Amino acid sequence: MSISAWPFFLALAAVWGWLFYVLSGEWEANEQYSYGWFIPLLAGWIFWQRWTGRPQARPADGLLRVACYAVLALLLLPASAGILIAGAYPDWRLVLWGLAAAVLIASVALTCLAGGWPWVRHLSFAFVFAMVAVPWPTGPERWLTQELSMLAAQIATWLLPMFGVAAMCHGTTIDVGTEALGVDDACSGIRSFQSSLMAALFLGELYGLRWGFRLFLVIVGLFAAYALNIVRMLVLSVAVFSGGIGALDKLHDPAGFAILFLTMGILWLFCWGVQNIPAALQPAMGMDGGVGRIARAPAFACFAVVVAMAFMVGGSEGWYSWKGRNMVRAPAWTIPAAESVGAPTDEPLGERVEEMLRYDTGFQRAWHDADGHAWHLIYLEWKPSRMSLHYAQPHLPEQCQTMIGRTIVSKSELRRADANGISIPYYLYKIRSGAGEFFLMYVVNDDRIGGQQMEAGFTAGHRINAVLAGRRNMGQRSMQLALVGEPDEAKAEEAMREMLPQLVKPVAR
């Protein structure tokens, strides 16, 4: 490799390294994206294999060269805005996709300057493969995690009687005898969807398949992952029916790994089977006298990209530090543990929930009042970190209530209630569960410098205003307060507002 290649590699490492750092929050917080930790290694391997077999460089010149420089310059403004927003909202999928697109375009422009269109065609698959690490947009993801999961649970419930197991399905919950397997237990298979997509793209590159065969390989992987996860639901349901809920703990993880290996095996068998078909393989592309050569022209552009990244990331951190110096935080609050206030006993939320949400403090509490109403409280708190937003999102009522087979009938506009001098923002939900209905007060509050704001239903305008004001997340807490037995919405809301001062207590900063 010539010395002149190092600026090119350094620029690519700077833009992709920072993007992977931002995405690592989703990889850590979201099990279905945990495969993302492998993407940098696999994408790097693909790039290196293609680099060692690159064609002769024909660096861009004339108008194409000017266009590449113009593209890099035009990316500065949206990239700066995206980096600034991601500093406060690292979970905003639209921003993540915008940043990923900017990194992809910048990589292609640098590659074109270095080796022209022959290099773009030859090396760009590594960049496209790396995009698999970006979390799916919220809409498609929610459809996958809810609709496809519910369909899988329904299919498993329909098949279970063939194995002598009577079962009923409620959303993504399968009732087996006296036990219930929720989506956290039987699993939705979405993680297998993501990992099978990654594996199919990688194996297609490893075996050098033509693009049509690679597309078919992706389809095979997705269908195999979905079908095998239905099999997993069946196995776990039969095990729980025979050995009780204790059998679930023993089989849950081994069954997951078995499904993963079986899916990988099916993909490998497909590649092994078609590699002897000449029409399935791409022609070998060797070096055409261009060993180690790279244009000198992009050296300036490469160094400029590295410096620009340093200024944009450093500027983002400096912005929030500068704006946050003299701001006053809003009053903080918490819900004390039951034993400290003489309340009913608190109960843990379960190991699977704790593993998924990774809260610092969390419990549930149930009691009945003098009027015979049933109350249920869930309180979660995350200490200040860049991960608090990531961990809090899966607990939204739109997601968790739907996943256990309930229907959201209505949701109010943002409202506020006073609790011991603290203004508590909340949404009121009316939820149907089976033949009955109940009301749910949902409060999610972040410890932003300068004020308390609701994350649920946050508009883009609200988020941009928070960024311009220099407010970023410094911690997160959420509360779900359910009231069962009061059919009148106005009375239910009034009772909840009166209950808040008994639960919420101010705390010193």
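All of the numbers you see were taken from the coordinates with simple rules; none came from a lab. Every value quoted in this text rests on a predicted model; they were computed, and no experiment measured them. Here Cβ is always computed from backbone atoms with ideal geometry, including for glycine, and neighbour counts include all displayed protein chains.
The calculated FRET efficiency for the pair E489 and H368, based on their C-beta separation and a Förster distance of 25 Å, comes to about 0.75.
At full extension, D418 and Q282 could sit 42.2 nm farther apart than now, given 0.36 nm per residue minus the alpha carbon distance. Please enumerate, by chain and number, the lysines with C-alpha under 29 Å from the C-alpha of K323, excluding those fewer than 8 residues away in the same chain. In chain and number order, the partners are K383, K505.
Annotation: lysines with alpha-carbon distance below 19 angstrom to K411 (same-chain offsets under eight excluded): K430, K491.
Summarising the label geometry, the points placed 7 Å from Cα in the beta-carbon direction at S80 and W272 lie 5.5 nm from one another.
Shape call for region 2-138 from the C-alpha gyration tensor, a ≥ b ≥ c root eigenvalues: rounded (a/c under 1.5), prolate (a/b greater than b/c) or oblate? Oblate, because a/c is 1.5 or more while a/b does not exceed b/c.
Other residues lying with their Cβ under 15 Å from the Cβ of F438 contribute a combined charge of -2, Lys and Arg counting +1, Asp and Glu -1.
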